[in-house]
Amino acid sequence: MLERFKVPEKDRVYVKREAMQLATETVFKASGLSDEDAKLSADVLMLSDMRGCETHGVSNMLRRYVDWYDDGTITATPNVRITRESDATANMDGGMGLGLHVGPKAMKLAIEKADKFGMGSVTVHNTSHLGMLAYHSMMAMEHDMIGVTVIAGNPLSMAPTFGAELRLATSPWAYAVPADKMPPFVFDVATTQVAGNKLGLAKRIGSPLEDNWIANPDGSPMMGNPQLPDDRADYLMMPFGGTREQGSHKGYGFAAVAEILSQVMSGTGAAFLNPGSMSFWFCAYKIEAFTEVAKFKTDMDEFLEALATTPPAPGHDRVLYAGLSEHEEVQIREKDGIPYHHEVIDWFRSLSDARNLGIELG
């Protein structure tokens, strides 16, 4: 994560993973989730925080989920069911449950199908926020598989290239590929210039935005390191690339494919015609169906090591690949704790007092 999105040192409160895991499970249980789903949902948020993806962790997301449970936007006990199925594919109805515990069930099914048939693909409709996509893709690595996760739907965030009206979400993609001795390749990105939650995080810590990250309501790029407008109606998010000259048609195209694979293929239809909808697509590829697992992992090690040892350009210390810095961040945070903004800790205390949850975070 870029330095601009990190919690300033003066505002940090370090909390051990175990303490925050327990606190988060307690909040989910208080919202009506079963013990199993509360733990699963907390696991997704905690992996986000441990890997430094704080935009999709406890800080930004948990309070939103509590509000959604409170106002009935999502249900704590969804009736998750398969609505269409073949040997290698399935479509699931998420029962308007939170994707944090619906998504892993869908990926588990994709993995089971891949184990039998080499590939497994599952779509999910009638559901809600999935959290960090990498969590779900990384599930496949434990089974010597490559995992892919794609989502699309609401809220609409992105204007198409040359457009002046929202038509697409941030529509992220996540790939997770195992290796042997090297940290795995884990690529998790939005198809907008920057993830939507990062905009809120930048606003919280007072960090300006880069040129071409967002656009004015008429579609013209905002320049001069703007601050995020207070009113969501006062800006549009741009596809990655920013402008056509810088390749925004590529981000726009990837977002459109995400819309097709998740929203359209799950039977939901385009998100801008279906307010409130969100859909997922999960896929697992069994490596053994294509090549020997040991050879694949050895080849991945050689590939990833070659990337990581590439001579750096002037002004840079080293070359990274997707998943390397996150792997290293986990080791740091296991030792030092997770750096939360003090406002997040204050929110936990306030919620605990209001609902008599007995949460202790030091």
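Assorted remarks:
- In segment 135-188, the residue that is surrounded by the most Cβ atoms within 10 Å (Cβ to Cβ) out of those that are touching a strand residue (DSSP E or B) at 6+ places or on another chain (Cβ under 8 Å), among the hydroxyl-bearing types (Ser, Thr, Tyr) and under 16 Å from PHE280 (Cα atoms) is THR149.
Each row is one residue, and each column tells you yes or no for (1) within 27 Å of VAL186 (Cβ to Cβ); (2) touching a residue at least 24 places away in the same chain (Cβ under 8 Å); (3) aliphatic (A, V, I, L, M); (4) not assigned by TED's automatic domain parsing to the domain that holds SER266.
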| residue | (1), (2), (3), (4) |
| --- | --- |
| ARG51 | yes, yes, no, yes |
| THR55 | yes, yes, no, yes |
| ASP67 | no, no, no, yes |
| ALA90 | yes, yes, yes, no |
| GLY94 | yes, yes, no, no |
| GLY97 | yes, yes, no, no |
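- Cβ-Cβ under 8 Å pairs, at least 6 apart or on other chains, segment 288-305 side in a loop (DSSP other than H, G, I, E, B), far side of a type outside the set (Phe, Trp, Tyr) and surrounded by 16 or more Cβ atoms within 10 Å (Cβ to Cβ): PHE290/GLY118
- Residue list for segment 277-315, restricted to those being exposed (fewer than 14 other Cβ atoms within 10 Å of the Cβ) and among the aliphatic types (A, V, I, L, M): ALA289, ALA294, ALA306, ALA313
- Residues that are in a helix (DSSP H, G or I) and within 19 Å of the chain's Cα centre (by Cα), drawn from segment 67-107: TRP68, GLY99, LEU100, HIS101, VAL102, GLY103, PRO104, LYS105, ALA106, MET107
- Check on MET119, modelled with pLDDT of 95 or more and either farther than 11 Å from LYS286 by Cβ or surrounded by 22 or more Cβ atoms within 10 Å (Cβ to Cβ) (or both): no
- Some residue of segment 216-231 being without any contact (Cβ under 8 Å) to a residue 60 or more places away in the chain, crowded, with 17+ Cβ neighbours inside 10 Å and of a type in the set (Ser, Thr, Tyr): no
- Odd one out for ALA114 among (1) farther than 24 Å from ALA354 by Cα; (2) within 22 Å of the chain's Cα centre (by Cα); (3) crowded, with 24+ Cβ neighbours inside 10 Å: (2)
- Of VAL344, VAL330, all but one fail to be touching a residue at least 60 places away in the same chain (Cβ under 8 Å), of a type in the set (A, V, I, L, M), not assigned by TED's automatic domain parsing to the domain that holds THR55 and not in a loop (DSSP other than H, G, I, E, B); the exception is VAL330.
Rundown of residues vs (1) assigned by TED's automatic domain parsing to the domain that holds HIS129; (2) at pLDDT 95 or above; (3) within 24 Å of the chain's Cα centre (by Cα), yes/no style:
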residue: ASP230; (1), (2), (3): no, no, yes
residue: TYR235; (1), (2), (3): no, no, yes
residue: LYS250; (1), (2), (3): yes, yes, yes
residue: SER262; (1), (2), (3): yes, yes, yes
residue: GLY269; (1), (2), (3): yes, yes, yes
residue: TRP281; (1), (2), (3): yes, yes, yes
residue: GLU288; (1), (2), (3): yes, yes, no
residue: ALA294; (1), (2), (3): yes, yes, no
residue: PHE303; (1), (2), (3): yes, yes, no
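- Only strands (runs of 3 or more DSSP E) whose full extent lies in segment 116-233 are considered here, and the ones with at least 3 residues that are out of contact with any His (no Cβ under 9 Å at 6 or more places or on another chain) and farther than 25 Å from GLY267 by Cβ are 185-189.
- Matching residues in segment 81-90 - criterion: being surrounded by fewer than 18 Cβ atoms within 10 Å (Cβ to Cβ) and not hydroxyl-bearing (Ser, Thr, Tyr): ARG81, ILE82, ARG84, GLU85, ASP87, ALA88
- Conditions (1) farther than 23 Å from PHE28 by Cβ; (2) of a type in the set (Asp, Glu); (3) crowded, with 17+ Cβ neighbours inside 10 Å; number of the one not met by ASP93: (1)
- Residues that are touching a Leu at 6+ places or on another chain (Cβ under 6 Å), surrounded by 24 or more Cβ atoms within 10 Å (Cβ to Cβ) and either closer than 19 Å to LEU199 by Cβ or among the charged types (D, E, K, R) (or both), drawn from segment 39-64: GLY57, VAL58
The values are calculated or read from the model by the stated rules, or taken from the named source; none is laboratory data. Treat the numbers as computed from the prediction; the structure is a model and nothing was measured. When we count neighbours, we look across all protein chains shown, and the Cβ atoms used for this are built from the backbone with ideal geometry, even at glycine.
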